[in-house]
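Okay, structure first, notes after.
The values are calculated or read from the model by the stated rules, or taken from the named source; none is laboratory data. Since we're looking at a predicted model, the values are computed, not measured. Here the Cβ positions follow ideal geometry from the backbone for every residue, glycine too, while neighbour counts run over all protein chains shown. Each accessible area value is taken on the protein alone, full model and side chains, heavy atoms only, with ligands, DNA and RNA left out. Shrake-Rupley method; radii C 1.70, N 1.55, O 1.52, S 1.80 Å.
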Amino acid sequence: MIRRVANNGRVSIYGQGYQVGAAYRKQEIGVGFDPEQHAWIFYDQQEKAIGLRPAKNLSPEHIWSLSVCQGTG
């Protein structure tokens, strides 16, 4: 999936914000999911990995309660 980085260097995935860095602000970046690490992987426009962040809102509790898009509360 593609996300546009905000002025503050963050992107939003399913209602949860993730910091990717001010160097990427206003740019489009790619986002993938690593199921082994249970984390989002962020890619620059050359498809080079630029970050890995835990997928906080994809916990079993959020999935079972259908609250994935409501953040971690």
- Report, by residue number, each residue of segment 2-30 that is of a type in the set (A, V, I, L, M) and open to solvent by less than 60 Å² (accessible area, probe 1.4 Å). Val5, Ala6, Val11, Ile13, Val20, Ala22, Ile29
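Could you tell me whether Lys48 is open to solvent by 30 Å² or more (accessible area, probe 1.4 Å), among the basic types (Lys, Arg) and at pLDDT below 95? Can you show your working first?
Working: open to solvent by 30 Å² or more (accessible area, probe 1.4 Å): yes; among the basic types (Lys, Arg): yes; at pLDDT below 95: no.
Considered against the rule, which asks whether it is open to solvent by 30 Å² or more (accessible area, probe 1.4 Å), among the basic types (Lys, Arg) and at pLDDT below 95, Lys48 comes out as no.
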- Could you please tell me which pairs satisfy a Cβ distance under 6 Å, a separation of 6+ or placement on different chains, a first residue in segment 3-17 that is without any contact (Cβ under 8 Å) to a residue 24 or more places away in the chain, and a second residue that is outside any loop (DSSP other than H, G, I, E, B) and open to solvent by 60 Å² or more (accessible area, probe 1.4 Å)? Gly9/Gln19; Arg10/Gln19; Gly17/Arg10
